[in-house]
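The values are calculated or read from the model by the stated rules, or taken from the named source; none is laboratory data. Source: prediction; values computed, not measured. So basically every Cβ, Gly included, is an ideal-geometry build from the backbone, and we count neighbours across all protein chains shown. To get the accessible areas, we keep the full protein, side chains included, count just its heavy atoms, and leave off ligands, DNA and RNA. Shrake-Rupley method; radii C 1.70, N 1.55, O 1.52, S 1.80 Å.
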Amino acid sequence: MSFPTFMDSPAQWPGPAPHEADVVVIGGGVIGVCTALFLARAGQRVVLLEKGRIAAEQSSRNWGWIRVQGRDPDEIPIVLEAADHWRALAQQTNVDIGLRQEGVTYLAESEKDFAKYEAWLELARSYRLDSKMLSSAETAKLIPNLSRRYSGSIYTAQDMRAEPWVAVPALAGIAVREGATLVENCAVRGLDIEGGRVAGVITETGRIKAPQVVLAGGAWSSLFLQRHGVFVPQLSVRATVVATQPMDAVYEGGATDSSVAFRHRADGGYSLAQGGFSELFVGPQAFRSLRHYATQLRADPFGVRLLPRAPAGYPDAWGTPRRWADDDVSPFEKMRVLNPTPNHRKAAKLLRQFAAMMPGLGEVRQARTWAGMIDTMPDIVPVVDRVAAIPGLTVGTGMSGHGFGIGPGMGRVLAALVTGDKVGHDLHRFRLSRFSDGSAMNLGPGI
């Protein structure tokens with residue numbers, strides 16, 4: 001599997017799309033793929049439509065962490081379910097997706113950090129996780145070669161990792177073998193609505209009749225919904241990742257402090273990023289959503305760097321149309337793969353910081369760097385809900401950088417919402433109406 005995936009990569013599932021289905025899933029990232037998989041297992045005739053390539057956007061560009069550590073407590077039950085699905089699904093493909101249980105560690109740079117991690121652990125105890133606090137000495141033993149002494153850390157041994165650009169296409173293959181139809185290079189221009197409810201979708205190649213639609217469009221979801229009069233204060237932020245050339249593995253899991261997060265990869269290199277840092281291209285949606293982000297901005301005023309304008313064609317670029325006719329070329333066709341230019345200055349800094357953190361590894365050399373656009377929400381948890389204003393439409397979006405690990409769990413939940421089967425989890429925190437019913441934005445105790 002090549003990475004990053006561009007439109008010149010051959011389509012594995014070129015279609016054609018059927019004329020009708022029980023359910024249409026819009027978006028070929030991890031959420032859409034897993035939703036299609038579980039709908040197929042539920043006996044539904046499901047077709048997934050992807051405007052570009054499966055997993056070509058954020059679902060292949062993330063860190064590859066499958067973690068319960070640090071999650072918002074309302075996400076914990078779903079990510080625990082997802083972990084079980086990951087283990088099972090890894091056995092159902094002949095592709096090594098790199099699934100390994102190696103743990104995740106958050107390094108405490110101060111006593112304040114240590115206390116914050118202890119507070120989260122106290123909230124999480126009811127879920128019987130194997131998370132535990134480590135002393136300074138125990139942290140140094142877990143991750144040898146650290147150049148500094150940390151106050152300690154929080155460590156969750158049950159957390160896993162996988163190679164996302166391999167894993168998500170492998171899940172797509174399972175979905176197809178179980179009866180789902182996947183079609184790449186087929187943009188959905190809008191919903192086909194009759195009598196006030198979903199009757200199908202209108203694609204660039206024609207209409208598909210279906211009484212149920214799931215929108216899992218990632219960074220493009222709010223633009224799609226806006227055309228149909230549904231407001232979601234979702235924004236897209238750029239995150240840069242740099243991959244090193246192969247180096248010794250001092251610790252096989254994922255770890256982070258405030259400066260650099262790292263994970264050893266299957267190819268022998270490390271993926272480096274900075275947790276809590278992202279960049280927002282300011283556009284019309286950012287202004288429209290500003291009041292919903294006030295709580296987040298007060299809590300972390302410097303966590304997002306503002307950039308003046310998005311490149312042409314981005315979901316919230318000033319020139320991107322918000323309205324178009326069914327027979328017009330849509331913004332989704334004009335940009336098949338959202339492939340942001342990485343912040344090269346940030347990438348160079350990450351290399352220096354990792355070299356300083358791990359001096360015994362020797363020279364840290366870049367193999368490649370990339371960026372992805374994370375679909376984020378004001379309270380840093382997603383929307384997973386039916387859309388009351390448009391019966392037949394279900395939305396799973398705004399995963400806020402948490403989507404890869406929780407993907408199979410959220411896919412199963414979304415499939416259950418569509419079919420009316422037992423969801424098995426409390427989804428109140430993820431309801432769409434929280435942005436219109438006067439609810440305060442609750443950032444939750446996630447770390």
Enumerate the amide H contacts of LEU48 below 5 Å, restricted to partners 5 or more residues apart or on another chain; note that Pro and chain-start residues carry no placed amide H. VAL25, THR181, LEU182, VAL183
Centroid-to-centroid separation of region 145-188 and region 39-83 [C-alpha atoms, Å]: 8
In degrees, nearest 10, range 0 to 90: what is the angle between the Cα axis of helix 76-90 and the longest Cα principal axis of the chain? 80
Please list 3J(HN,Hα) in residue order for region 315-325, calculated via the Karplus relation 6.51 cos²θ - 1.76 cosθ + 1.60 where θ = phi - 60°; whole Hz, with x for glycine and proline. x, 10, 5, 4, x, 6, x, 9, 9, 7, 7
Using modelled amide H (1.01 Å from N, peptide plane; none on Pro or chain starts), what sits under 5 Å from the amide H of LEU307, excluding residues fewer than 5 places away? LEU280, PHE281, VAL282
Please give the helix 111-124 orientation as an angle from the longest Cα principal axis of the chain, in degrees from 0 to 90, rounded to the nearest 10. 50
So what's the projected area for the chain, the Cα convex hull averaged over all directions, in nm²? 19.5
Search the structure for amide H atoms under 5 Å from the amide H of THR369, placed 1.01 Å from N in the peptide plane, and list their residues when 5 or more places away or on another chain. ALA243
Checking rank on 370-379, 346-355, 428-437, 269-278, with mean other Cβ inside 10 Å and highest first, the result is 370-379, 269-278, 346-355, 428-437
With Cα coordinates, the longest principal axis of the chain makes an angle with the long axis of helix 164-177, in degrees rounded to 10, of 40
Separation of region 12-33 and region 315-394 by C-alpha centroid, Å? 21
Where only protein heavy atoms count, and the probe is 1.4 Å, what is the accessible area per residue for the chain in Å²? 39
Based on a Kirkwood Rh over C-alpha pairs, give the Stokes-Einstein translational diffusion coefficient of region 310-431 at 25 °C and viscosity 0.890 mPa s in µm²/s. 134
For a 30 Å ceiling on Cα separation, which of these pairs sit above it: LYS209/LYS334; LYS51/LYS116; LYS132/LYS422? LYS51/LYS116; LYS132/LYS422
By the mean-Cβ-within-10 Å protection proxy, highest first, 24-34, 405-415, 291-301, 200-210 rank as 24-34, 405-415, 200-210, 291-301
Contour minus end-to-end for SER135 and SER439, with contour as 0.36 nm per residue of separation and end-to-end as the Cα-Cα distance? 105.5 nm
Pairwise FRET efficiency - ASP267 versus HIS228, Cβ, R0 = 41 Å, nearest 0.05: 0.45
What's the carbon and sulfur percent of the chain's accessible surface, probe 1.4 angstrom, rounded to a whole number? 51
With n ≥ 4 as the cut-off for DSSP H runs, can you work out [θ] at 222 nm for the chain, using -39500 (n - 2.57) per run divided by the number of residues, rounded to the nearest 500? -8000 deg cm²/dmol
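State to the nearest 20 debye the size of the charge dipole of region 152-279 about its Cα centre, where the only charges are +1 on K and R beta carbons and -1 on D and E beta carbons. Before the final figure, lay out each step's value.
On the way: 10 positive and 12 negative charges, 105 e Å.
Roughly 500 debye for region 152-279.
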Which aspartates and glutamates have a Cα less than 13 Å from the Cα of LYS346, not counting those fewer than 8 places away in the same chain? GLU279
List, in order, the whole-Hz ³J(HN,Hα) value for each residue of region 36-44 obtained from phi through the Karplus relation with A = 6.51, B = -1.76, C = 1.60 and θ = phi - 60°; use x for Gly and Pro. 4, 4, 6, 5, 4, 5, 7, x, 7
Once phi for every residue in region 365-380 is put through the Karplus expression 6.51 cos²θ - 1.76 cosθ + 1.60 (θ = phi - 60°), the whole-Hz ³J(HN,Hα) values, with Gly and Pro written as x, are 10, 6, 9, 6, 9, 8, 9, x, 9, 8, 7, 10, 10, x, 10, 6
